[in-house]
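After the structure tokens below, expect a handful of questions from me.
The values are calculated or read from the model by the stated rules, or taken from the named source; none is laboratory data. None of these values were measured; they are calculated from a predicted model. For neighbour counting, all protein chains shown are included, and Cβ atoms are generated from backbone atoms with ideal geometry for every residue, glycine included. Side chains included, ligands, DNA and RNA excluded: accessible areas come from the protein's heavy atoms. Shrake-Rupley method; radii C 1.70, N 1.55, O 1.52, S 1.80 Å.
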Amino acid sequence: MDSKGKHALVIIDAQLDFMPGGALAVQEGDQIVPFINALQADFQTIIATQDWHPENHGSFAANHDGKSPGEWIELEGLQQVLWPVHCVQGSPGADFHPELDRSRWMRIFQKGQNPGVDSYSGFFDNNQVVDTGLHAYLQSLGVTELTCVGLAADYCVKFTVLDALRLGYQVHVPAAGTRAVNLQEGDFERALAEMQQAGATIQ
């Protein structure tokens, strides 16, 4: 149990566009919702992140003539894979899964609002310039340990975990609480291995 409030649960981008039927659907993404709901009972400190893109976001293939999702471009000096339009600010797809228990969430940190750079991590955008404020908030609560769940394991979960480890947090990732986009077969397993190699505990 999270008796001292030092161990926080971070729920990453559990939004409808990442669920089956969504614009950027993660296979079995909805299957993590009951697991996350049950897990929340073990925590006093629960935080969420939310992809929150403007319509003109540079990571959307639709905003580049002749480009399709899965192709790569250079965006603000970074290599960027192109995605379907997803999690547009205020759209139904940007909402959290309706069966997800939000009753005890303390804060929601929105990310990906700059059209010029993508933002996988809940802490920083992809060029590590824009800080979402998540780290400062966790520090203000005295949090030193995180359990990270949500979508997707090979992108937003992985990069949130890697940033958390660099920032000095002890990090746990329950495999049952995440699923992967799997642009390439095996990306889920590779993401778990990369997080573990960086210092996370995979449960």
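Residue separation times 0.36 nm, minus the C-alpha to C-alpha distance between residue 38 and residue 68: what's the value?
7.0 nm
Let me ask something else about it. Tell me, what is the per residue accessible area of the chain in Å², probe radius 1.4 Å?
Per-residue value: 45 Å².
In the chain, with Lys and Arg counted as +1 and Asp and Glu as -1 at Cβ, which of these residues, 45, 26, 129, has the Cα nearest the positive end of the dipole, that is, farthest along it?
Going by the charge dipole, the pick is 45.
Now a separate question. Of all trypsin sites (Lys or Arg not before Pro) in the stretch 96-132, which ones are in loop regions per DSSP and have a Cβ with at most 13 other Cβ atoms within 10 Å?
Here the trypsin sites (Lys or Arg not before Pro) that fit, given the DSSP loop and packing criteria, are 104.
When the Karplus curve 6.51 cos²θ - 1.76 cosθ + 1.60 is applied with θ = phi - 60°, which whole-Hz ³J(HN,Hα) does each residue of the stretch 177-182 get, with x for Gly and Pro?
x, 8, 9, 10, 5, 6
Could you point to the label whose value was computed as percent of Cα pairs over 31 Å apart for the structure here, given (i) 12; (ii) 28; (iii) 49?
Working out percent of Cα pairs over 31 Å apart from the coordinates points to (i).
In the chain, what percentage of the DSSP-assigned beta bridges are antiparallel, given to the nearest 5?
In the chain, approximately 20 percent of DSSP beta bridges are antiparallel ones.
How much of residue 103 can a 1.4 Å solvent probe reach, expressed as accessible area in Å² and rounded to 10?
90 Å²
Of the heavy-atom accessible surface of the chain (probe 1.4 angstrom), what whole percent is carbon and sulfur?
Answer for the chain: carbon and sulfur cover 48 percent of the accessible area.
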